[in-house]
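Undergrad: Let me give you the structure first, and then I'll get to my questions.
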């Protein structure tokens, strides 16, 4: 069974978190969420994650607290890598404050590079694409929310397509592109047949372009 890790922080955009999470679960992916704390705040870290307060004030209880050593990429038994509880995909949602917290975390940056080094999928949506910049990824095609375009378009091949795939990096634009983003992740993890299987029962209006 494929597995995916989705990060969340205070200020994460709720749709960009819940739509990929829900859609992947429908496809049979084992999904886990991890709360990334704002290290600039005065709140102490805890092994019990608090309810993350989303960008619209909706509170979401994460599955676990973010500990990079326990949340690394899936790898073969012969790989000498100091991670356990491995995943096949890492997903970073947007929301201005949440994306800032996640993208500025050195541990998250290390994970982004580790997942891509191991040929695993990394998904970033909206302002979450800032993690491509902070993680020092090489120049390649990507997209983001228009509000952070100016931070990215001089460093990457910036696109305004709803979803952009560059190798194992998948980026998307915002809440309105969360479904095509989620379906692309399903397709990459589970195949086009599973994508079609999940899509049908969700009953999108006729003519929906994804």
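The values are calculated or read from the model by the stated rules, or taken from the named source; none is laboratory data. Treat the numbers as computed from the prediction; the structure is a model and nothing was measured. Positions of Cβ are backbone-derived with ideal geometry, glycine not excepted, and every protein chain shown enters the neighbour counts.
Undergrad: At pLDDT 95 or above, surrounded by fewer than 17 Cβ atoms within 10 Å (Cβ to Cβ) and at negative phi - does that describe any residue in segment 111-119?
TA: yes
Undergrad: Take segment 191-210 and flag every residue that is farther than 21 Å from residue 88 by Cα and either in contact with a helix residue (DSSP H, G or I) (Cβ under 7 Å, 6 or more places away or on another chain) or not in a helix (DSSP H, G or I) (or both).
TA: 199, 203, 204, 205, 206, 207, 208, 209, 210 - these are the residues of segment 191-210 that are farther than 21 Å from residue 88 by Cα and either in contact with a helix residue (DSSP H, G or I) (Cβ under 7 Å, 6 or more places away or on another chain) or not in a helix (DSSP H, G or I) (or both).
Undergrad: When you scan segment 41-86, how many residues do you find that are under 20 Å from residue 13 (Cβ atoms) and modelled with pLDDT under 85?
TA: Looking only at that region, the number is 3.
Undergrad: Then there is this: May I ask you to list the residues in segment 163-190 that are outside any helix (DSSP H, G or I) and farther than 23 Å from residue 55 by Cβ?
TA: Passing the criteria: 165, 166, 167, 168, 169.
Undergrad: Is it the case that segment 4-21 has a residue that's closer than 21 Å to residue 182 by Cβ, surrounded by fewer than 16 Cβ atoms within 10 Å (Cβ to Cβ), touching a helix residue (DSSP H, G or I) at 6+ places or on another chain (Cβ under 9 Å) and modelled with pLDDT of 90 or more?
TA: Taking every residue of segment 4-21 in turn, none turns out to be closer than 21 Å to residue 182 by Cβ, surrounded by fewer than 16 Cβ atoms within 10 Å (Cβ to Cβ), touching a helix residue (DSSP H, G or I) at 6+ places or on another chain (Cβ under 9 Å) and modelled with pLDDT of 90 or more.
Undergrad: Could you count how many residues in segment 115-162 are closer than 21 Å to residue 31 by Cα, outside any helix (DSSP H, G or I) and free of Cβ contacts under 8 Å to residues at least 60 places away in the same chain?
TA: Matching residues across segment 115-162 total 5.
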